[in-house]
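The values are calculated or read from the model by the stated rules, or taken from the named source; none is laboratory data. It should be emphasised that the depicted structure is a prediction, and the values quoted were computed from it without experimental measurement. We place every Cβ from the backbone using ideal geometry, glycine too, and count neighbours over all the protein chains shown. Keep in mind that these areas ignore ligands, DNA and RNA; they rest on the heavy atoms of the full protein, side chains included. Shrake-Rupley method; radii C 1.70, N 1.55, O 1.52, S 1.80 Å.
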Amino acid sequence: MKRSISFSQAEIDEIREMAAHYPDKSAASIETLKLVQKYHRWVSDEALVAAADLLDMSPAELDGVATFYNLIYRRPVGRQVVHCCNSVSCWMLGAEETLETISAKLGIGLGETTADGEYTLLPIVCLGACDKAPVLMINDQTYFNVDRDRLNELLESREEI
Amino acid sequence: MERPLTQNIKSDGSTTLLPDYLKTGGYQGLRKAIREYTPAEIQQWVKDSGLRGRGGAGFPTGMKWSFVPMNMPQTKYLVVNGDEMEPGTFKDRWLMEGDPHQLIEGAVIAAYAIQAGTAYVFLRGEYHLAAERMRAAIAEAYENHYLGENILGSDFSLELHLHSSAGRYICGEETALLNSLEGKRATPRSKPPFPQVAGLWGKPTIVNNVETLCNIPHIIHHGVEWYRCLGLTDAGTKIYGVSGRVRRPGAWELPLGTTAREIIAEQAGGMKEGYRLRGFLPGGASTDFLLPEHLDVPMDYASVGKAGSRLGTGTMIILDDKTCPVRMVLNLERFFAQESCGWCTPCRDGLPWVAKLLEDLVKGRGRQEDLAILERMCSFLGPGNTFCALAPGAMEPLQSALKHFRADFENYLPEPIHG
């Protein structure tokens, strides 16, 4: 593992506050990794070592956790992470077509990031809105009934942000 | 028709704040429980109510609670399973976003019944809006003494924390959830001991699904008799849902035991123009296919079981006549293969193999013997060979598809048997 980075006092306070909810602070591991992503977008080796230190975990142990969960990114991601649901109800209602459209529009495939660092495209499992399929999630926002037209609308409106 | 669980949920998608929750009898169940009844009495009420777990397995809730050792003072935990990730399932999101106080009240009563001092809401990471609304409601509940020290002036105290996860299907399995909550990889634990005796950090722990807990305030407030009469063939109401090519996909609270026909034809408005019903998964991805001939089966635990499937989460996925069942099963098995935690060999190695065989089949590279291999996998990965129910659940749609849609599988073989 590479050398560690240091967290700001505000980040440390936030991590400690979360860890106080549990008898063992390693229980805050996922929330800590998500906090790292809130400020740094992804979890670098350096951030992982620093987080492990704060949680009294070994870096290997925390990496075991980090690599287990779908929403923890151990590689750089864009400012907007587009998660396309590929589970059964969305698949039946055109998720593959939605994915092809978005992939063509952004010029990237699954797991890739646009050259300007704006978008990363990832698959995701059922987002729990199957009555409004196809569904996708961009960062914290979930979008429903995303067919081709809605998708074009969506990407254009987000570009203006 | 009474709809206690969804009475406050508005169609515009907004949430229910405390004043509105109180108007419809909110926190009356808790008030009654904590002031008039002992924990043992509350456990008995829930046992007598006939409430069964709404997360998929259908275990009787009161019986689950009764396994917690109550005779010695020790730390105990209540955990709310809000890791709704069963494909095709979208009911707990609705309950948490629409009426978060109902879940909090249910959790406090459950914690009182087992005398837990700490509770966690384990929420899947993707549910950002539910997280925001649960957080706000938890803060409101603390301010108004429904949570915290000496709840409503009683001796009972409870700390409730929201724990937001980061997405893995296996977290819905209760022992994997406990490992995840402890900050570890979400691999399931060997049972026994069961979590009721040795769960979170080795302490007695009850894990209940969101919808299950949402029933509790109403059982206590209105009584066991009233509750039992809500259902047709089993006690209470159920959030049923339909997704796929129907006119009005959605979720509805209906009496337990409503027929599949009523749910699909009436509530969901029947099939979309140009599509016919070919089959349906009655309770999420890990249930066996049922056929149009099963439309009059009451959607309750025993009847769906008798028909050859499981009620599961009660949210149906419709297979229409223009969707290939083999490709649908391939989609499901890819999901299960990806979401296997990798802990036991049959699941870790078997599911990708199943997915590969199905993929080869639909690409025209199948071999005659592949169908027999798939059938054998259904027993290799079936009940009893793995730590948890992920792999057996994954086999349910496959084994039933092989039975009901055999010709569709055979048609993909290079030299069809029925040629």
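How much of the DSSP bridge set in the stretch B:18-228 is antiparallel, in percent, rounded to the nearest 5? Roughly 10 percent of the DSSP beta bridges within the stretch B:18-228 come out antiparallel.
Summarising the label geometry, the points placed 7 Å from Cα in the beta-carbon direction at B:ASN411 and B:ALA302 lie 3.9 nm from one another. For the pair B:LYS403 and B:GLN338, label points projected 7 Å from Cα toward Cβ lie 2.9 nm apart. Under a 5 Å amide H cut-off, with hydrogens placed 1.01 Å from N, B:ASN209 pairs with B:ARG54, B:GLY55, B:ASN81 among residues at least 5 apart or on other chains.
Backbone amide hydrogens, once placed in the peptide plane, bring B:MET70 within less than 5 Å of nothing, excluding anything fewer than 5 places away on its chain. Taking the centroid of alpha carbons for each part, the stretch A:35-79 and the stretch B:28-105 are 34 Å apart. Carbon-plus-sulfur accessible fraction, the protein assembly as shown (probe radius 1.4 Å, protein heavy atoms only): 50%. Measuring r between the beta carbons of A:ASN145 and B:ASN71 and using R0 = 35 Å, the FRET efficiency lands at 0.05. Calculated mean residue ellipticity, 222 nm, chain B: -12000 deg cm²/dmol, from DSSP H runs (n ≥ 4) at -39500 (n - 2.57) each, averaged per residue and rounded to 500.
Enter the accessible area per residue of the protein assembly as shown (Å², integer; probe 1.4 Å; all protein chains in place). Don't jump to the answer; show the numbers that get you there.
Working: 22440 Å² over 580 residues.
Accessible surface, normalised per residue, equals 39 Å².
Give the angle, between 0 and 90 degrees and rounded to the nearest 10, that separates the Cα long axis of helix B:390-404 from the longest principal axis of the Cα atoms of chain B. Tilt relative to chain B: about 40 degrees. Around the amide H of B:TYR77, modelled in the peptide plane, lie the amide H atoms of B:THR205, B:ILE206, all under 5 Å away and 5 or more residues distant in sequence or on another chain.
What separates the Cα centres of the stretch B:301-359 and the stretch B:372-419 is a distance of 9 Å. Taking every DSSP bridge with both residues inside the stretch A:80-157, close to 55 percent are antiparallel. Computing FRET efficiency as 1/(1 + (r/R0)^6) for B:LEU17 and B:LYS322, where r is the C-beta to C-beta distance and R0 is 45 Å, gives about 0.55. Derived scalar couplings between HN and Hα for the stretch B:316-326 equal 8, 10, 8, 9, 9, 6, 9, 9, 6, x, 5 Hz in order, rounded to whole Hz, by the Karplus curve 6.51 cos²θ - 1.76 cosθ + 1.60 (θ = phi - 60°), x for Gly and Pro.
Give the Debye-formula value of log10 I(q)/I(0) at each listed q (0.06, 0.09, 0.10 Å⁻¹), with one equal scatterer per alpha carbon of chain B, two decimals each. Each listed q corresponds, in turn, to -0.25, -0.55, -0.68.
For the stretch A:24-32, 3J(HN,Hα) computed residue by residue from phi via the Karplus equation (6.51, -1.76, 1.60; θ = phi - 60°) reads 10, 5, 5, 5, 8, 4, 5, 5, 5 Hz, glycine and proline entered as x.
With the cut-off at 1.5 for a/c, could you classify the stretch B:257-400 from its C-alpha gyration tensor as rounded, prolate or oblate?
oblate
Taken one residue at a time, the phi angles of the stretch B:19-32 give Karplus couplings (6.51, -1.76, 1.60, θ = phi - 60°) of x, 6, 5, 5, 4, 9, x, x, 6, 6, x, 5, 4, 5 Hz. Gly and Pro are set to x. If you take the alpha carbon atoms of the stretch B:164-260 and fit the smallest convex hull around them, that volume is 167 Å³ per residue. Projected onto their three principal axes, the Cα atoms of the stretch B:325-410 cover extents of 33, 20, 20 Å, largest first.
Over the protein assembly as shown, what lengths in whole Å, largest first, do the semi-axes of the equivalent ellipsoid take, defined as the square roots of 5 times the eigenvalues of the alpha-carbon gyration tensor?
Numbers: eigenvalues 251, 192, 108 Å².
Those come to 35, 31, 23 Å.
What the Cβ-Cβ distance of B:TRP201 and A:GLU156 gives, at R0 = 60 Å and to the nearest 0.05, is a FRET efficiency of 0.75.
Using 23 Å as the Cα-Cα cut-off, could you pick out the over-long pairs in A:LYS38/B:LYS10; A:LYS132/B:LYS322; B:LYS306/B:LYS403; B:LYS10/B:LYS91; A:LYS105/B:LYS356?
Details: A:LYS38/B:LYS10 32 Å; A:LYS132/B:LYS322 20 Å; B:LYS306/B:LYS403 16 Å; B:LYS10/B:LYS91 14 Å; A:LYS105/B:LYS356 30 Å.
Long pairs (Cα-Cα over 23 Å): A:LYS38/B:LYS10; A:LYS105/B:LYS356.
Taking each pair of different alpha-carbon atoms in the stretch B:18-228 once, compute 1/r for the pair, average those values, and report the inverse of that mean as the Kirkwood hydrodynamic radius in Å to one decimal. Working shown, then result.
Numbers: mean 1/r = 0.0594 Å⁻¹.
That comes to 16.8 Å for the stretch B:18-228.
By the rule of a second cysteine Cβ within less than 4.7 angstrom, chain A holds isolated cysteines at A:CYS84, A:CYS126, A:CYS130. When you restrict to C-alpha pairs under 8 Å that are six or more residues apart and normalise by the size of chain A, the relative contact order lands at 19 percent. Averaged over peptide B:168-174, the number of partner chain Cβ atoms lying within 10 Å of each residue's Cβ comes to 2. Inter-chain Cβ neighbour count for B:125-131, averaged per residue, equals 5 (cutoff 10 Å, partner chain atoms only).
On a per residue basis, the convex hull of the C-alpha atoms belonging to chain A measures out at 129 Å³.
Compared with the dominant principal axis of the Cα atoms in chain B, helix B:128-143 is inclined by about 20°.
So what is the diffusion coefficient of the stretch B:237-320 in µm² per second by Stokes-Einstein at 37 °C and 0.692 mPa s, using a Kirkwood Rh over Cα pairs? D, rounded to a whole number, is 272 µm²/s. Total buried accessible area between A and B, probe 1.4 Å, nearest 100: 3500 Å².
Ordered from longest to shortest, the equivalent ellipsoid semi-axes for the stretch A:9-68 are 16, 14, 10 Å, each the square root of 5 times a Cα gyration tensor eigenvalue. Summed over all non-identical Cα pairs, the Kirkwood treatment of the stretch B:203-249 gives a radius of 13.0 Å.
Rg over Rh for the stretch B:1-92 works out to 1.00, using Cα positions for both radii and the Kirkwood form for Rh.
DSSP beta bridges in the protein assembly as shown, what fraction antiparallel, as a percent rounded to 5?
Working: 22 of 49 bridges.
Close to 45 percent.
Taking the highest mean first, how do the peptides B:172-180, A:95-103 order by number of other beta carbon atoms within 10 angstrom per residue?
Working: B:172-180: 26.1, A:95-103: 18.0.
So the peptides B:172-180, A:95-103, ranked by packing, come out B:172-180, A:95-103.
Judged by the mean number of other Cβ atoms found within 10 Å, the most tightly packed of the peptides B:78-91, B:47-60 leads the ranking B:78-91, B:47-60. Taken over the Cα atoms of the stretch B:146-186, the convex hull encloses 88 Å³ per residue.
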